[in-house]
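First up is the structure itself, then whatever we jot down about it.
The values are calculated or read from the model by the stated rules, or taken from the named source; none is laboratory data. Model, not experiment: these values are computed from the prediction. Here the Cβ positions follow ideal geometry from the backbone for every residue, glycine too, while neighbour counts run over all protein chains shown. We work out accessible area using only protein heavy atoms, side chains counted, and drop any ligands, DNA or RNA first. Shrake-Rupley method; radii C 1.70, N 1.55, O 1.52, S 1.80 Å.
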Amino acid sequence: MAGRARYEELVRQFSAFGAVKRDMNRIMPADCPSGSASVLTLLGRHGDMRMSRVAELLSVDMSVTSRNAAHLAERGWIERSPDPADKRSRILRLTPAGRTRLDELFRLTTQLLAERLDDWSDEEVGHLAHLMARLRDSFGDGRGVPRPTAPVREETTRTPAST
């Protein structure tokens, strides 16, 4: 297990990572803000799902998900249909136009990363992708459910024992 100083450095890096996310959000088309893009991405990755599940996976309130779903439906990128198991719930489904929009967002994001990381080797990019996937897996499905944790080990400077 890594020492406390390593985790503190991770906290600093996560705070600074906001600049990366802001840069990525700046390239999003005006008609597809980041919240809407997140819903499209989830539906593209996981397929049709209840609106409540989208809210859960994005760790946002149902009202936020509802606004994003309305925005996407107005543009014809998703369909909202009653859940056969519970008519009060809605199932969100990506439309062909939504798939096209998602592919465009993916292309824009990929292009930005290729530009920003053009001095990285394929191995470095692959290593980063692997570590990010591992980090995401360590947090589970994104619901923020706390996992049992081991105490963080304090780093100490050891001196050789005197003889």
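Quick notes
- Gain on full extension, evaluated as 0.36 nm per residue between residue 122 and residue 138 minus their Cα-Cα distance, stands at 3.3 nm.
- For the chain, with all protein chains in place and a probe radius of 1.4 Å, 55% of the accessible heavy-atom surface sits on carbon or sulfur.
- For segment 44-128: rounded, prolate or oblate by the Cα gyration tensor [a/c cutoff 1.5]: prolate
- The dipole here belongs to segment 90-138: it is taken about the Cα centre, uses +1 on the Cβ of Lys and Arg and -1 on the Cβ of Asp and Glu, and is about 660 debye.
- Efficiency of FRET from Cβ geometry, residue 10 and residue 73, R₀ 35 Å, rounded to 0.05: 0.35
- Cα-projected label distance for residue 109 with residue 34, points at 7 Å along beta-carbon direction, nm: 1.2 nm
- For the chain, size of Cβ-based charge dipole, Lys and Arg +1, Asp and Glu -1, in debye: 660 debye
- Most mobile of 74, 56, 123 in a GNM of the chain (Cα contacts under 10 Å): 123
- Over the chain: helical MRE at 222 nm, DSSP H runs n ≥ 4 each giving -39500 (n - 2.57), nearest 500: -18500 deg cm²/dmol
- Antiparallel bridges, percent of DSSP beta bridges restricted to the chain (to nearest 5): 90 percent
- Fraction of the pair-distance distribution of segment 1-94 above 21 Å, Cα-Cα pairs, percent: 44 percent
- In the chain, taking the dipole from charged Cβ atoms about the Cα centre, the farthest positive-side position among 66, 129, 5 is held by 66.
- Scalar couplings 3J(HN,Hα) for segment 21-32, obtained by applying the Karplus form with A = 6.51, B = -1.76, C = 1.60 to θ = phi - 60°, are 4, 5, 4, 5, 5, 5, 7, 5, x, 4, 7, 9 Hz; x denotes Gly and Pro.
- On the principal axes of its alpha-carbon atoms, segment 1-48 has extents of 42, 26, 10 Å, going from largest to smallest.
- Binning the C-alpha pair distances of the chain at 10 Å intervals from 0 yields a P(r) profile of 8, 28, 31, 20, 9, 3, 2, 1 %, listed from the shortest bin outward.
- Database remark: amide H of residue 89 closer than 5 angstrom to the amide H of 83 (H placed geometrically; neighbours at sequence offset of 5 or more, or on other chains; Pro and chain starts carry no H).
- Solvent exposure of residue 130, expressed as accessible area, is near 110 Å², computed with a probe of 1.4 Å over the protein chains only.
- Take the Cβ atoms of residue 26 and residue 85, set R0 to 45 Å, and the FRET efficiency comes out at 0.65.
- Qualifying chymotrypsin sites (Phe, Trp or Tyr not before Pro) for segment 1-76 [loop in DSSP, other Cβ within 10 Å: at most 14]: 17
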